[in-house]
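Structure record follows, encoded as structure tokens.
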Amino acid sequence: MIILNELPFRFVESKGFRHCISVACPRFRVHHDGQLLGILYQLYIDEKTHLKQFMKSSFTRVSLTTDTWTSLQRVNYMCLTAHFIDKDWKLNKKILNFCPISSHKGEAIGKTVEKCLHDSGIDKIFTIAVDNASSNDVTIAYLRKKFNNAGTSILGGKYLHLRCIARIVNLIVCDGLKEMNETIARVKGTIRYMRQLPSRLAKFKESQKFERAFDAFDDVDPYYRASLMIKKVHQAIEDLFNEYKRMLEPQSEQVGESSQVSQMSQPTDDESENGMTKKKESFKSKYKRYRIEHGKDEHKSELAKYLSEEPDNDDSDDFDVLTWWKLNSHRFPILFHLARDVLAILISTIAFESTFSTGSRVLDAYMSSLTPKIVQALICAQD
């Protein structure tokens with residue numbers, strides 16, 4: 001409760017909490033805030049040790065996200081989060097570290113990330129999602145060099161640098177709004193004009209009733225409905241034509257080939273050994289083409305088999321791609337390793353609810369009042 005809800009330690013000293021515990025569980029001994037601090041920190045140490053042991057024994061690769069926070073005392077923190085899929089095909093998120101940083105330089109941040117990974121026992125990194133700050137380019141270059149020297153990167157760290165898609169979209173939206181400043185200003189001016197006087201607003205609401213008249217056009221004017229029907233029929237006929245064309249093309253090709261064979265099989269005065277050789281070579285080429293188009297699956301690679309399968313038509317919200325790979329991993333013993341690493345990649349470094357927030361991440365007053373060591377323990381233990 002203290003960790004998940006970020007409650008102050010003195011919460012256990014409150015009369016209401018102690019009364020609730022005495023009624024719900026009379027035998028439970030409530031610790032005072034000083035003892036609670038030691039218990040929570042030991043819980044963080046135990047979880048960190050357990051995570052380190054798991055990572056050392058795991059073969060899965062980890063994708064990282066980084067983000068920065070600021071306390072009320074203007075202390076900068078770096079949050080490093082690991083994302084991976086375990087052997088049961090469950091997506092996991094673990095906050096590896098929440099530590100203060102003294103410099104925003106790329107190499108300094110890179111060294112901090114390197115130390116965090118070493119302390120957590122993680123050496124197999126797939127991607128690192130960062131924002132668009134120029135210092136992050138230096139950070140990624142530093143880490144790529146370290147991973148390449150250790151021989152733990154994939155394709156020389158080609159896919160290590162992953163830019164945060166949410167921040168990119170945010171930049172696009174902001175630039176787009178700048179281009180529409182004049183239009184937005186006119187809309188705001190119109191709204192302001194309407195709301196200045198009650199009579200204007202009432203007149204505007206009265207005019208909105210006429211908008212409903214457009215929905216009745218298909219009842220009043222039959223040609224309005226007819227034009228829509230003509231468009232639908234035209235599109236349906238065009239779709240049917242294309243479908244029949246696709247279906248009949250192979251048949252016409254077979255008919256043409258059969259007519260050629262029948263003509264070739266008719267005896268003529270000029271038929272000779274040379275003519276028989278041409279027919280033999282023609283049949284050989286057709287058989288070879290058939291073998292290429294309808295080759296057996298056992299000659300296909302694992303990737304070719306996967307790509308040649310029909311896509312799953314399950315468009316329901318209950319479809320889970322992780323469950324699909326869990327059930328089909330035995331069919332693709334190599335690809336499932338790749339899928340497990342790729343599906344763990346998080347394309348954004350920030351939460352959905354703050355995607356388009358222009359403010360920075362700021363710790364609340366309670367968290368800002370604690371030491372960096374305790375803040376690190378409380379936040380990392382939340383996972």
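Would you pick out the residues in the range 333-376 that are part of a loop (DSSP other than H, G, I, E, B), in contact with a helix residue (DSSP H, G or I) (Cβ under 6 Å, 6 or more places away or on another chain) and either modelled with pLDDT of 80 or more or among the charged types (D, E, K, R) (or both)? Hit for the range 333-376 is Ile334, nothing else. Using the structure shown, decide if Gln53 is on the phi < 0 side of the Ramachandran plot, exposed (fewer than 13 other Cβ atoms within 10 Å of the Cβ) and assigned to a helix (DSSP H, G or I). For Gln53, the condition - on the phi < 0 side of the Ramachandran plot, exposed (fewer than 13 other Cβ atoms within 10 Å of the Cβ) and assigned to a helix (DSSP H, G or I) - is met.
Determine whether Leu72 is assigned to a helix (DSSP H, G or I), in contact (Cβ under 8 Å) with a residue 24 or more places away in the chain and not polar (S, T, N, Q).
Working: assigned to a helix (DSSP H, G or I): no; in contact (Cβ under 8 Å) with a residue 24 or more places away in the chain: yes; not polar (S, T, N, Q): yes.
Criteria not met by Leu72.
Here Ile379 clears all of (1) modelled with pLDDT of 70 or more; (2) in a loop (DSSP other than H, G, I, E, B); (3) crowded, with 18+ Cβ neighbours inside 10 Å except the condition numbered (2). Report yes if some residue within the range 40-60 is within 29 Å of Ile168 (Cβ to Cβ) and under 27 Å from the mean Cα position of the chain (by Cα); otherwise report no. Yes, that holds for at least one residue.
From the list Gly110, Gly106, exactly one residue is more than 25 Å from the chain's Cα centre (by Cα), crowded, with 16+ Cβ neighbours inside 10 Å and over 16 Å from Ala377 (Cα atoms). Which is it? Step through it out loud before you land on a result.
Numbers: Gly110 fails: more than 25 Å from the chain's Cα centre (by Cα).
Checking each option against the conditions leaves just Gly106.
With a requirement of 3 or more residues that are at pLDDT below 85 and among the polar types (S, T, N, Q), the helices (runs of 4 or more DSSP H) lying completely within the range 132-213 that satisfy it span 134-150, 181-196. Residues that are of a type in the set (A, V, I, L, M), part of a helix (DSSP H, G or I) and under 43 Å from the mean Cα position of the chain (by Cα) were ranked within the range 1-23; the one that is modelled with the highest pLDDT is Ile21. Pairing each residue of the range 100-124 that is aliphatic (A, V, I, L, M) with any residue that is part of a loop (DSSP other than H, G, I, E, B), provided the two are 6+ apart or on different chains, yields C-beta distances under 8 Å for Ala108/Ile101; Ala108/Ser102; Ile109/Ile101; Ile109/Ser103; Leu117/Asp123. Tell me, which residue of the range 123-141 that is surrounded by fewer than 18 Cβ atoms within 10 Å (Cβ to Cβ) and hydroxyl-bearing (Ser, Thr, Tyr) is farthest from Ile172 (Cα to Cα)? Applying the filter and picking the extreme gives Ser135.
The values are calculated or read from the model by the stated rules, or taken from the named source; none is laboratory data. These numbers come from a predicted model, not from an experiment. Quick reminder, even Gly has a Cβ in these numbers, built from the backbone with ideal geometry, and neighbours come from all protein chains shown.
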